[in-house]
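Remarks on the structure that follows.
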Amino acid sequence: MRASPEAHPPAPHGAWLWWAVLALWGAFALLPLGAALLPIVTEAGEARAALLDGRLWRRLGESLLLVGGALALAVPLGAALAWCLVRTRLPGARLVVALAFFPIVLPPLVHVLTWYSALGLVGRTAVIVVYAISVLPLVVVLAAQAIESASRQHVDSLLLTGGIGLLLADDARRCVPACALAGALGGVLLISDFTVADFATSLGPKVSTYAETLFAHVSAMREGRAAAAMLPGLLVGSGLLVWGLWARRRLGHTFGRAYAPGEAVVQGPVRWVAGVLAIVVVLALAMGPLVALAVQTQSGSVFAEQFRLALPALRRSLLVGLMGGGIMAALAVLVAILARGRSHRALADAWFVLPIGAPAIAFAFGLIVVWNRPAFDAVYLGIGILLIAVVARFFGTALIPVSDTVDALDRSGLEAARLAGAGPLAATFWTALPLLLRPVAVGWCLGFCFAQRDLDALFMFRASQETLLHRLYTNVVFARPDETAALALLLTLTVAVPFVLLVAVIVFLDPWRRRSKR
Amino acid sequence: MPQAVDYALTTKLSRFSPIHSVLLLALVLFLAGCGESVPRQQVVLYTSLNEPTARSVLDAFTDATGIEVVLVADTERDKTVGLVQTLIRERSNPRADVFWNSEAANSVLLAQEGVLEPLAPPPAGAARIPAEFSDPDGYWHGFAARARVIIVNTELVAEEDYPDSIWDIADPEWRGQTAIVRPVTGTTLTHLTAIYEMLGDEVGDQFVDAVLANEAHLPPGNGRLAQLVGEGHIAFGLTDTSDYRLVRNTGSPVTAIYPDQDGIGTLLIPNTVGRVAGGPNPENARALIEFLLSEQAEEILAFHQRGHIPLKPDVPRPQEVIVPGEFRTMEVDMAVVGPAIPQRLEQFDARFP
């Protein structure tokens, strides 16, 4: 046993299990992706033609421009709002930060239905604004977390030596990796979207995005071209994510043992003006979809009728979300523990987040190739295939908060458990578990919500037919606007419920908060 | 400090390792799949028609035969593309018994790809449908059609100015006030392909150039286009009768014009149905196809709020649902149009912004 646990990085353990998990992940998550990309090799001529086609790069540029424009709006504004929320420390600010994450997990169609009607915007501007609104809360959450990582002692030292200017500079430095990760995650989620552009440019000049080219090649049954067209999106998406994770790991800060949150830095009337403004803006963006859809629903009877009609779909959606979130959270703990202290960590991160960067439709087609076999009937024809799809694609989002906490754990509990006779894995698992409850809850919540968000990519599977999102996509064309709004509201509430639970978890299971009270 | 550790518990549980959680998850996954085991008397239907419309017919089928229909429906966003691609990728181990396509072109393609198979003997109802709406080799059969009409906002366009030809979409007098769906999917893709294949590339190019020069709006689907006309954002545009009826039923000030009655005629696009080769329930598939090709199915679809046009003679229908003979139809050979779809799609995708 080492004399000083913090003086040495923990030694990685369970090598065989670690490699087994990596291999299993490859089989479940990356094999379908490989199957979807295989035509690049088997139809090399077609693939080359697609990659030399100017349309692909023009539209990819258009998508990057839209996403870049949205991030240019969302990142500085989100960081500023986060700073106001943390440094003014008004009552309820923590709650607002927790709620702020909400919009990123809503399906893009819900954003369009909300903000298109509310703001009356059309064209390229509308696309950028809707994208920015959907990403901004993610920036707020991660930036707030980064700013808050400066302990009271640290903040006091900065204020004493350099005043508010030095603190601002220090906070800005802390925000960089958080904003990088938020931008990367947001960018990946938006780069393959065409719902917003399709809807918002129904009138006026049409904006065709990267995903349109992919869709056209798939429709024209040009498998080689379709596979090649997926490649740039996959590279850009996974590149963004790996960079975001690297930036966070390299520049980010974790809570130390002596951590205690700082007091309000901004005082006087400015505190109230800035704090209230930040709370109002973030709450409006986070809760805007709920309010706007409630207004568009017009009457409770319409909502009740849609609820009755959608009950089987609601059950199925909840089942997929609950199980998907559970699997992701449990796997995240396992992977985070096994990955701790390994030298090839960046590669492992890339291995686990790669599917997030893949266009959803490509992933779904790959799943058909891999799983449509008589031996897998039980999985392919049931919700098993949906679980595989959502876990494989979004596991990375659950892994990030869990692995951050696991990396920050100190080893004293672990060493004590080992002395008590526990094996290395079991000791880690059971000593770490109490401290992991909060990030695991966050991971579960993300898994649940992304399962709701991404079901539209899985419509070709039988089990996805009776889901809320499927009904919504049907309603948006075939039902009255108030009925569509009611169904969108139901879907939004379904995603909102875990957030209420999450907020409760954050409030009651936050060890840092309890320590600061003591 | 981190929370205290329960060492006694730790010791007791020292035999438990995370590998157990992996095994547990695998079991959960398997059980989740097992929950979806299917009953015996069933037929698996993939349809690009929207689910509410399809259900109106399928419920009647189940009532009549006792065969449960497992329905896999595409969404408006994915049009027919998702299901067609799924059918092709599932070819080695087919999961569907029947494909009910809301148009014809992709059925031609699926027949070429070997996904569909002809019924022998042919279904009884097929004989009563005009020959031009079915595949001569029996791979697919047409029924219950939609017409490609111009939906007009009656508050924005005076009656004497109503358009009467698809070329009016390109009329400079209505610059920036007309619309056509971006023709990369669905019935608009079929429509433009038919114009190119039946009237020649020169006429097709002239039409496309004129539409683009006229700054026509390019919404993503016919339903959305009809909504925009109904809401008064657009004066008129090209859509399907089914989408027109949905908007009209909401009370919007719209009317439908059957275009080119003095020229090439109005394009009629039938629903089509075919049996999937090697599907798991071939006999039930036949029963469903027979039912879809019956007068009863066409009658249900005619009285549905989307008002499909019966192709068989003497099928009861609402007065507002007019049938071929009451308007001039465009002559189209689907055997020519269908195979041309992929190439035209790439062409339109490059041509339209």
Residue list for the range B:217-229, filter: modelled with pLDDT of 95 or more and in contact with a helix residue (DSSP H, G or I) (Cβ under 6 Å, 6 or more places away or on another chain): none
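Table: residues versus (1) of a type in the set (A, V, I, L, M, F, W, C); (2) touching a strand residue (DSSP E or B) at 6+ places or on another chain (Cβ under 9 Å); (3) more than 22 Å from B:Tyr139 (Cα to Cα).
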{"residue": "B:Pro280", "(1), (2), (3)": "no, yes, no"}
{"residue": "B:Asn284", "(1), (2), (3)": "no, yes, no"}
{"residue": "B:Leu311", "(1), (2), (3)": "yes, yes, no"}
{"residue": "B:Asp314", "(1), (2), (3)": "no, no, yes"}
{"residue": "B:Phe327", "(1), (2), (3)": "yes, yes, yes"}
Matching residues in the range B:230-250 - criterion: being in contact with a helix residue (DSSP H, G or I) (Cβ under 7 Å, 6 or more places away or on another chain), more than 10 Å from every other protein chain (Cβ to nearest Cβ) and over 28 Å from B:Ile300 (Cα atoms): B:Ala235, B:Phe236
Any hit, the range A:231-246, residues being surrounded by 23 or more Cβ atoms within 10 Å (Cβ to Cβ), within 14 Å of chain B (Cβ to nearest Cβ) and at negative phi: no
Any hit, the range A:398-418, residues being at the interface with chain B (Cβ under 8 Å from one of its Cβ atoms), hydroxyl-bearing (Ser, Thr, Tyr), in a helix (DSSP H, G or I) and crowded, with 24+ Cβ neighbours inside 10 Å: no
Count of the range A:169-220 residues which are within 7 Å of chain B (Cβ to nearest Cβ), surrounded by 24 or more Cβ atoms within 10 Å (Cβ to Cβ) and of a type in the set (D, E, K, R): 1
Options B:Ala297, B:Ala285, B:Ala302; residue that is crowded, with 22+ Cβ neighbours inside 10 Å and under 17 Å from the mean Cα position of the chain (by Cα): B:Ala297
Single condition A:Asp193 does not satisfy, out of (1) touching a Lys or Arg at 6+ places or on another chain (Cβ under 9 Å); (2) part of a loop (DSSP other than H, G, I, E, B); (3) in contact (Cβ under 8 Å) with a residue 60 or more places away in the chain: (1)
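Is it true that some residue in the range A:356-367 is modelled with pLDDT of 85 or more and more than 10 Å from every other protein chain (Cβ to nearest Cβ)?
For the range A:356-367, residues modelled with pLDDT of 85 or more and more than 10 Å from every other protein chain (Cβ to nearest Cβ): absent.
Results for (1) modelled with pLDDT of 85 or more; (2) more than 8 Å from every other protein chain (Cβ to nearest Cβ); (3) farther than 18 Å from B:Arg275 by Cα, shown as yes or no for each residue.
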residue	(1), (2), (3)
B:Val28	no, no, yes
B:Ala32	no, no, yes
B:Val38	no, no, yes
B:Ala60	yes, yes, yes
B:Val69	yes, yes, no
Residue check for B:Ala126: of a type in the set (Gly, Ala, Ser), at pLDDT below 95, within 12 Å of B:Arg275 (Cα to Cα) and part of a helix (DSSP H, G or I): no
Verdict on A:Ile368 being β-branched (Val, Ile, Thr), crowded, with 24+ Cβ neighbours inside 10 Å and either under 30 Å from A:His217 (Cβ atoms) or out of contact with any strand residue (DSSP E or B) (no Cβ under 7 Å at 6 or more places or on another chain) (or both): no
In the range A:443-463, the residues that are within 9 Å of chain B (Cβ to nearest Cβ) and modelled with pLDDT under 80: A:Asp456, A:Phe459, A:Met460
Complete set of residues in the range A:353-375 that are touching a residue at least 40 places away in the same chain (Cβ under 8 Å) and outside any helix (DSSP H, G or I): A:Ala358, A:Pro359
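Of the residues that make up the range B:319-331, is at least one under 21 Å from the mean Cα position of the chain (by Cα), closer than 30 Å to B:Gln41 by Cα and polar (S, T, N, Q)?
no
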Among the residues listed as A:Ala329, A:Ala274, A:Ala350, A:Ala292, the single one being assigned to a helix (DSSP H, G or I), away from chain B (no Cβ under 12 Å), within 30 Å of A:Ala143 (Cα to Cα) and within 20 Å of the chain's Cα centre (by Cα): A:Ala350
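Results for (1) touching a residue at least 40 places away in the same chain (Cβ under 8 Å); (2) part of a helix (DSSP H, G or I); (3) in contact with a Leu (Cβ under 8 Å, 6 or more places away or on another chain), shown as yes or no for each residue.
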position: B:Glu173; (1), (2), (3): no, yes, no
position: B:Val184; (1), (2), (3): yes, no, yes
position: B:Thr188; (1), (2), (3): yes, yes, yes
position: B:His191; (1), (2), (3): yes, yes, yes
position: B:Glu202; (1), (2), (3): no, yes, no
position: B:Val208; (1), (2), (3): yes, yes, yes
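Yes or no, residue by residue, for (1) in contact with a helix residue (DSSP H, G or I) (Cβ under 8 Å, 6 or more places away or on another chain); (2) more than 14 Å from chain A (Cβ to nearest Cβ); (3) at pLDDT 95 or above:
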{"position": "B:Glu159", "(1), (2), (3)": "no, yes, no"}
{"position": "B:Pro172", "(1), (2), (3)": "no, yes, no"}
{"position": "B:Gly176", "(1), (2), (3)": "no, no, no"}
{"position": "B:Ile180", "(1), (2), (3)": "yes, no, yes"}
{"position": "B:Pro183", "(1), (2), (3)": "yes, no, no"}
{"position": "B:Gly186", "(1), (2), (3)": "yes, no, no"}
{"position": "B:Thr190", "(1), (2), (3)": "yes, no, no"}
{"position": "B:Met198", "(1), (2), (3)": "yes, yes, no"}
Matching residues, the range A:295-307, being part of a helix (DSSP H, G or I) and out of contact with any Ser or Thr (no Cβ under 7 Å at 6 or more places or on another chain): A:Val295, A:Thr297, A:Gly300, A:Ser301, A:Val302, A:Ala304, A:Glu305, A:Gln306, A:Phe307
Selection count where residues are part of a loop (DSSP other than H, G, I, E, B) and either under 15 Å from B:Gly279 (Cβ atoms) or in contact (Cβ under 8 Å) with a residue 12 or more places away in the chain (or both), scope the range B:103-121: 8
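The values are calculated or read from the model by the stated rules, or taken from the named source; none is laboratory data. Since the model is a prediction, treat every value here as computed from it, not as a measurement. Because the Cβ atoms are built from the backbone with ideal geometry, glycine has one as well, and the counts that use them run over all protein chains shown.
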